[in-house]
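The values are calculated or read from the model by the stated rules, or taken from the named source; none is laboratory data. In this text, all values refer to a predicted model and were calculated from it rather than measured experimentally. All Cβ positions, glycine included, derive from the backbone under ideal geometry; neighbour counts span all protein chains shown. When the accessible area is computed, the model is the full protein with side chains, heavy atoms only, and any ligands, DNA or RNA have been set aside. Shrake-Rupley method; radii C 1.70, N 1.55, O 1.52, S 1.80 Å.
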Amino acid sequence: MTPALLAITLILGVTLCYVAVCAASPFGNCRKCNGWGFAMKTDRKGRMKRGKDCRRCKATGKRIRVGRWLYNRWARIYRAGTNTP
C-alpha cells in the first residue's frame, strides 16, 4: 500500500467517523465551561463555588458541533434555493 493511498484512507476514515458522531450526537460540551454551564471560582477559604453563568453556551453547558453547524447551514441554503414560489 502506497503512503498516499494510506493517507487518503486514513483521512476518509476519520471524516466518516466524525460525520457519524455529528449525526448521533449533534451537541458537545461547551469548551469554555467544560459542560458545567457556569464558571467555577474559589472563595477566600479556597473552597470551590459556583461562579457566573457561561455566556458562550448561555448556561446550558452544550454547544453545537462544527460539522453539525455546517450541515445545518448547507441544508438551510439548499432548502432556500430549491423553494418554488
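Filter region 46-85 down to the residues that are among the aliphatic types (A, V, I, L, M), more than 20 Å from the chain's Cα centre (by Cα) and part of a helix (DSSP H, G or I) and list them by number. Working first, answer last.
Of the residues in region 46-85, the ones among the aliphatic types (A, V, I, L, M) are 48, 59, 64, 66, 70, 75, 77, 80.
Next, from what is left, pick out any that are more than 20 Å from the chain's Cα centre (by Cα): 48, 77, 80.
Selection gives ILE77, ALA80.
Output the residues belonging to region 46-69 that are closer than 22 Å to ALA20 by Cβ and either surrounded by 12 or more Cβ atoms within 10 Å (Cβ to Cβ) or of a type in the set (Gly, Ala, Ser) (or both).
Within region 46-69, the subset closer than 22 Å to ALA20 by Cβ is 62-69.
Within region 46-69, LYS62, ARG63, ILE64, ARG65, GLY67, ARG68, TRP69 meet the criteria.
Taking region 21-41 only, how many residues are among the aliphatic types (A, V, I, L, M) and over 13 Å from VAL66 (Cα atoms)?
Just the residues of region 21-41 that are among the aliphatic types (A, V, I, L, M), to begin with: 21, 23-24, 39-40.
Now drop any that are not over 13 Å from VAL66 (Cα atoms), which leaves 24, 39-40.
Of the residues in region 21-41, 3 are among the aliphatic types (A, V, I, L, M) and over 13 Å from VAL66 (Cα atoms).
Can you find even one residue in region 11-21 that is touching a Lys or Arg at 6+ places or on another chain (Cβ under 9 Å) and open to solvent by 50 Å² or more (accessible area, probe 1.4 Å)? There is at least one residue in region 11-21 that is touching a Lys or Arg at 6+ places or on another chain (Cβ under 9 Å) and open to solvent by 50 Å² or more (accessible area, probe 1.4 Å).
Among residues belonging to region 26-45 that are outside any strand (DSSP E or B), under 20 Å from THR60 (Cα atoms) and touching a Lys or Arg at 6+ places or on another chain (Cβ under 8 Å), point out the one that is most open to solvent (accessible area, probe 1.4 Å). Even if it seems obvious, please write down each step before you answer.
First, the residues of region 26-45 that are outside any strand (DSSP E or B): 26, 30-37, 43-45.
Checking which are under 20 Å from THR60 (Cα atoms) leaves us with 26, 30-37.
In the following step, the residues that additionally are touching a Lys or Arg at 6+ places or on another chain (Cβ under 8 Å) were identified as 26, 30-33, 35.
Details: PRO26: 36, CYS30: 3, ARG31: 148, LYS32: 121, CYS33: 13, GLY35: 31 Å².
The extreme case among them is ARG31.
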